[in-house]
Amino acid sequence: MAGHVMNAGGGAWLLSESEREDGWATDHAFIGREVARSTSETEESRGTIYGFLPATADDPYVAEDGKPAPLFKVRFTSGELDGDVEDLELRDVVESLVLEIVPSARAAPPPKKKRRVVSRDAPAPDSDLSDDEPDAEPAREVEDDDDDDDDESAPAPAATPEPEDDDESEADEPEQGDDSDYE
């Protein structure tokens with residue numbers, strides 16, 4: 001459906017024959033994008049971009065600075081401008097584009113808060129604190145924003161001792177004439 005732009009209601013908008021003859025096209029990234037234009041302090045009109053007149057057209061739009069500039073054709077579908085068609089300059093389109101929020105595949109979910117039980121003045125692990133001592137405070141839960149999943153109370157893994165190298169000349173090379181490993 002070349003030259004067709006789907007509107008918000010599912011209908012197709014076409015450039016007219018005269019618009020196409022004047023150089024209007026539908027091959028721009030903004031085609032089909034929604035815009036919102038303020039018509040008063042409290043009202044806005046929304047529409048869809050359905051045409052593009054490149055600055056390289058045979059009869060281009062000439063901006064205030066005297067240079068050819070692109071134009072974008074917008075059909076409004078709501079608000080005070082409902083049913084109107086306007087030609088907007090690039091700066092007006094950029095100011096009016098409705099942002100599309102697209103979830104990023106790379107966005108990580110917020111970290112989960114872990115709960116751990118801590119107590120104030122906890123006894124040492126080999127202490128003989130009995131349950132009936134009056135100075136011991138009850139344990140309480142606290143939130144831990146730490147993203148690490150490691151348990152701080154877990155002992156560190158034991159280091160593996162490095163093998164001793166008594167004679168540097170006997171590195172991991174097979175002896176001359178010993179082909180038993182290669183059969």
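The values are calculated or read from the model by the stated rules, or taken from the named source; none is laboratory data. Computed from a predicted model, the values in this text were never measured in an experiment. Note that each Cβ is placed from the backbone with ideal geometry, even for glycine, and that neighbours are counted across all protein chains shown.
General remarks:
- Contact annotation: no residue pair with Cβ atoms under 8 Å, 6 or more positions apart or on different chains, pairs a residue in segment 77-98 that is on the phi < 0 side of the Ramachandran plot with a partner that is in a helix (DSSP H, G or I) and modelled with pLDDT of 95 or more.
- Among the residues examined, Phe72 qualifies as in contact with a helix residue (DSSP H, G or I) (Cβ under 7 Å, 6 or more places away or on another chain), within 21 Å of Asp22 (Cα to Cα) and either surrounded by fewer than 19 Cβ atoms within 10 Å (Cβ to Cβ) or of a type outside the set (Asp, Glu) (or both).
- Residues of segment 75-100 that are among the small types (Gly, Ala, Ser) and not in a strand (DSSP E or B): Gly79, Gly83, Ser96.
- Test result for Glu64, of a type in the set (Asp, Glu) and either modelled with pLDDT of 95 or more or under 16 Å from Val98 (Cα atoms) (or both): no
- Inter-residue pairs, beta-carbon under 9 Å, first at positive phi and in segment 25-37, second surrounded by 19 or more Cβ atoms within 10 Å (Cβ to Cβ) and not small (Gly, Ala, Ser), 6+ apart: Gly32/Val5; Gly32/Thr26; Gly32/Thr48; Gly32/Ile49; Gly32/Tyr50
- Note on segment 3-46: residues that are at pLDDT below 90, farther than 18 Å from Glu100 by Cα and part of a strand (DSSP E or B) amount to 4.
- Residue match in segment 55-65 (condition: within 14 Å of Gly23 (Cα to Cα), small (Gly, Ala, Ser) and not in a loop (DSSP other than H, G, I, E, B)): no
- Single condition Ile49 does not satisfy, out of (1) under 21 Å from Glu19 (Cβ atoms); (2) touching a residue at least 40 places away in the same chain (Cβ under 8 Å); (3) more than 30 Å from the chain's Cα centre (by Cα): (3)
- For segment 39-69, the set of residues classified as surrounded by 13 or more Cβ atoms within 10 Å (Cβ to Cβ) and small (Gly, Ala, Ser) consists of Ser45, Gly47, Gly51, Ala55, Ala57, Ala63, Ala69, listed by residue number.
- Qualifying residue in segment 55-74 (condition: touching a residue at least 60 places away in the same chain (Cβ under 8 Å) and small (Gly, Ala, Ser)): no
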